[in-house]
Amino acid sequence: MSEQLKPCPWCGSNYLHTEWGLGEVRCKTCNAIGPNAGQRTQSSAIAGWNARTDDSLRAQLATVTAERDKLQRDFDSAADEVQRVLKEKHDALAQRDEARGLVNRFAKSRARIAQMQCSLMTYPIEMIDEIDTEERSIHEALSESAARWAKEQA
């Protein structure tokens, strides 16, 4: 090889691969490809790889970094929005569950009140039945006693 390959401008690695059939120089560490990929000769591919200027690479790096930073801000903004929406949905579900719980408690209370009202309505009737039964047995006892007294008097 007539010229020595410079290290990768992106990662600084010397682990480079030359593919002369494709006319390219490729970094095996970060997978960067030389700017003159597709050249027909080995020397033009090496010249393209080595011919980069630091200013042009810095400009490319600055552009890529700016794009990455913008994408990161967009992603962070979208993630914040998703978090906000999820929190709203979570809060809404919590309120719905709380409302359902209150509705269930209300329904159970209504059922219990209805049960108590029925108990209150049937309780006096049962007491009246008891009193009627007691009254009948007292009346029968008095009737028998009166009948016995009448027999004794006769």
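Here are the numbers for this structure:
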| quantity | calculated |
| --- | --- |
| Leading residue by the ranking (farthest from the chain's Cα centre (by Cα)) among those in the stretch 1-31 that are at pLDDT below 85, surrounded by 15 or more Cβ atoms within 10 Å (Cβ to Cβ) and outside any strand (DSSP E or B) | G23 |
| Test: residue in the stretch 94-102 that is charged (D, E, K, R) and at pLDDT below 80 | no |
| Residue identified as at pLDDT below 80, more than 30 Å from P7 (Cα to Cα), assigned to a helix (DSSP H, G or I) and more than 31 Å from the chain's Cα centre (by Cα) among E152, E144 | E152 |
| Single unsatisfied condition, G38 versus (1) exposed (fewer than 13 other Cβ atoms within 10 Å of the Cβ); (2) at pLDDT 75 or above | (2) |
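The values are calculated or read from the model by the stated rules, or taken from the named source; none is laboratory data. Everything numeric here is computed off the predicted structure, so don't read it as measured data. Cβ sites come from the backbone with ideal geometry, for glycine too, and all protein chains shown count toward neighbours.
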